[in-house]
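Engineer: There's a structure below that I have some questions on.
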Amino acid sequence: MGTEALAFDVETTGLDLHRGAEIFAYATCTPGEAVQVERVRPGFKEKLSQVWDGSIPVMHNARFDMLATENYLKRPLGSAPFHCTHKMSHILQNHHHSHRLDHLAWELAGYKKVDDDISRIAAECGGYHKVPEHIMSKYQKLDVERTMCLYLFFWPRIISNRKWHDCYQTELDLIPTSMRMERRWLMFHRRRTLTMMDYLQREVDQVMSDI
């Protein structure tokens, strides 16, 4: 198992990973800014699997990237280590008005904001997977560069404070758990849930009255 952090970002045919959306490309970036873009071609699945078997992926939306990867590989990622810069941002600057990659990279490193532009192009083309490859590859490279930039900025601060690090690790542990819950779905007891909602509303009303 490698120990080097590797920025990782997937591109999918849609956002609903439980209803058919799947990976059509991914990109990686090392701390030394060596960027690689891969699209679905012969050998793609093996290369995607190696990302998780030979490095520590760093993502800005780990739950989405991991779920898409598991769906494509048709196997759980298990206890493979990973990082999430979105979670780091929430811990280090929880009152910040935006934790979007586009905004954070612009704010911290002066990267040009491009997410709205690529979204517009994708809408015009009928999906991200239909955006011309040379345009999509350029965007993918920028995505993983920005993710690595945030990781190199946030991670030293996370590990400098024990409480921050413990909180961050708890957040990471919850991601695979929430992914399993998504796959199984959740069952609710309707009557008891409505009773609880009524109780909580009365509690809120009382607090507001006291205030």
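Engineer: Condition test on M148, is it surrounded by fewer than 17 Cβ atoms within 10 Å (Cβ to Cβ) and either over 22 Å from L6 (Cα atoms) or of a type outside the set (F, W, Y) (or both)?
Structural biologist: The answer is no for M148.
Engineer: Does any residue in region 17-44 that is of a type in the set (G, A, S) come within less than 7 Å, Cβ to Cβ, of a residue that is assigned to a strand (DSSP E or B) and open to solvent by 30 Å² or more (accessible area, probe 1.4 Å) six or more places away or on a different chain, and which pairs are these?
Structural biologist: A25/V37; A25/R39; A27/V35; A27/Q36; A27/V37
Engineer: Here's something else I'd like to know. So in region 174-202, with the set limited to residues that are of a type in the set (D, E, K, R) and open to solvent by 90 Å² or more (accessible area, probe 1.4 Å), which one is nearest to P81 (Cα to Cα)?
Structural biologist: R183
Engineer: Would you mind finding the one in Y111, Y139 that is in contact with a Lys or Arg (Cβ under 6 Å, 6 or more places away or on another chain) and open to solvent by less than 70 Å² (accessible area, probe 1.4 Å)?
Structural biologist: The unique qualifying residue is Y111.
The values are calculated or read from the model by the stated rules, or taken from the named source; none is laboratory data. Computed from a predicted structure; not experimentally measured. For neighbour counting, all protein chains shown are included, and Cβ atoms are generated from backbone atoms with ideal geometry for every residue, glycine included. The protein model used for the area step is the full one, side chains on, heavy atoms only, and it has no ligands, DNA or RNA in it. Shrake-Rupley method; radii C 1.70, N 1.55, O 1.52, S 1.80 Å.
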